[in-house]
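Worksheet: the structure to be examined is printed underneath.
The values are calculated or read from the model by the stated rules, or taken from the named source; none is laboratory data. Just so we're clear, the structure is a prediction, and the values are computed from it rather than from any experiment. Reconstructed Cβ throughout: ideal geometry from the backbone, glycine too, with neighbour counts over all protein chains shown. The protein model used for the area step is the full one, side chains on, heavy atoms only, and it has no ligands, DNA or RNA in it. Shrake-Rupley method; radii C 1.70, N 1.55, O 1.52, S 1.80 Å.
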Amino acid sequence: MNWIGLVIYGEVGRILADTGATIQYTFKPWIHRSKNHHQFDDLIDESKSDAWILYRSSIKVQEYFQNNAIPSILFGNAHKGINLPALTIDYSAALHHCLASLIRLKHDPKNILLVIPGTKLAGNLQLRETFTEILGPAASRQIISYQESTNNTSQVMQSPLLSTPRPTAIITLRVRAAVKIHGLLSNQYRLSIPQNISLICLEDAPLMEHLVPRISRYRVENKNVTNFVTSALSQLLSSGIGKPWGHRPLLPEFIKGETISAPPVRKR
């Protein structure tokens, strides 16, 4: 779970406890690959839950909950055709702002990388679309995917960081990847941040403030997340109705940090 996921689990659980409700975390890796609806049925029957938060859910999961009218709220992006109430952090808007800032600083669009997990979650697919819409279809070659389960960031970053010309800016989605790349650039590749290369993360966590240099990043207020989720859950628990909220995007705020600057001057 990322930082905001942990906030929801902790803070929302604490607030709901005052109403007599409890929150339980259920992790079922097979559910994203399952083609058997009976397994979904068994999960619902066994949990005996009155409402669900769907966190990082695949299209199969979202379709099942929608088609069976199970009281639920999405924390994350809805796939096409899904109308469940959803709280979305608008990482695409953050990416748009980030790319505009880098281009304004004179970064060549061909030297900007986007590093994201290699999953088919709706948010990741949307980021891919946003990146290529802004920079052009050829920019798909600048999207670097890694496996979250093994965190093989070091391996997938080796080729682009040894290439000529080298990237002048790296944008990551997840904090874990940003922290790993921060260490790689400084320790393994002996690159100064941001003098040699800029590094920006589209999400935030408290530890980012303690890195040297501090990573430039995008932040949402925890209270805005918990207020919406607890309000939506309370309504679901009392009536089971989820339609009124629709999809609510939260726009992250840019925290400048110390890892973004103009690209290095190329020697002729």
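Listed values, structure above:
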| item | result |
| --- | --- |
| For residue 180, net neighbour charge (Lys/Arg +1, Asp/Glu -1) across residues whose Cβ lies under 13 Å away | +1 |
| Centroid-to-centroid separation of the range 110-135 and the range 69-83 [C-alpha atoms, Å] | 21 Å |
| Fully extended contour minus Cα-Cα distance, from residue 103 to residue 125, at 0.36 nm per residue | 5.6 nm |
| Derived scalar couplings ³J(HN,Hα) [the range 217-224; Karplus, 6.51 cos²θ - 1.76 cosθ + 1.60; whole Hz; x for Gly, Pro] | 7, 10, 10, 10, 6, 4, 5, 5 |
| Among [x] 68, 38, 30; [y] 53, 40, 35; [z] 66, 40, 38, the entry derived from the coordinates for Cα extents along the principal axes in Å | [x] |
| Total charge dipole magnitude, the range 1-101, about the Cα centre, Cβ charges on Lys, Arg, Asp, Glu only, Debye to nearest 20 | 360 debye |
| DSSP loop chymotrypsin sites (Phe, Trp or Tyr not before Pro) with at most 13 other Cβ within 10 Å excluded, longest remaining stretch of the chain | 28-268 |
| Derived scalar couplings ³J(HN,Hα) [the range 198-215; Karplus, 6.51 cos²θ - 1.76 cosθ + 1.60; whole Hz; x for Gly, Pro] | 8, 9, 9, 10, 7, 10, 9, 7, x, 5, 4, 6, 9, 7, 10, x, 5, 6 |
| Qualifying trypsin sites (Lys or Arg not before Pro) in the range 110-206, DSSP loop, other Cβ atoms within 10 Å at most 15 | 120, 190 |
| Mean Cβ count within 10 Å, highest first, over the residues of peptides 159-166, 194-201, 219-226 | 194-201, 219-226, 159-166 |
| Extreme residue, positive dipole direction of the range 158-257, given options 188, 162, 199 (C-beta unit charges) | 162 |
| MRE, 222 nm, helices only [DSSP H, n ≥ 4, -39500 (n - 2.57), over the chain, to nearest 500] | -10500 deg cm²/dmol |
| Cα-centred dipole magnitude for the chain, charges only on beta-carbon of K, R (+1) and D, E (-1), debye, nearest 20 | 1300 debye |
| Cα-projected label distance for residue 47 with residue 222, points at 7 Å along beta-carbon direction, nm | 2.4 nm |
| At R0 = 22 Å, FRET efficiency that the Cβ-Cβ distance of residue 9 and residue 248 yields, to 0.05 | 0.65 |
| Neighbour cut-off at most 13 other Cβ (10 Å), DSSP loop, trypsin sites (Lys or Arg not before Pro), the range 1-85 | 33, 35, 48, 80 |
| Farthest toward positive dipole pole in the range 1-149 [+1 Lys/Arg, -1 Asp/Glu at C-beta], among 112, 2, 79 | 112 |
| With all protein chains modelled, accessible area of residue 125 [1.4 Å, Å²] | 70 Å² |
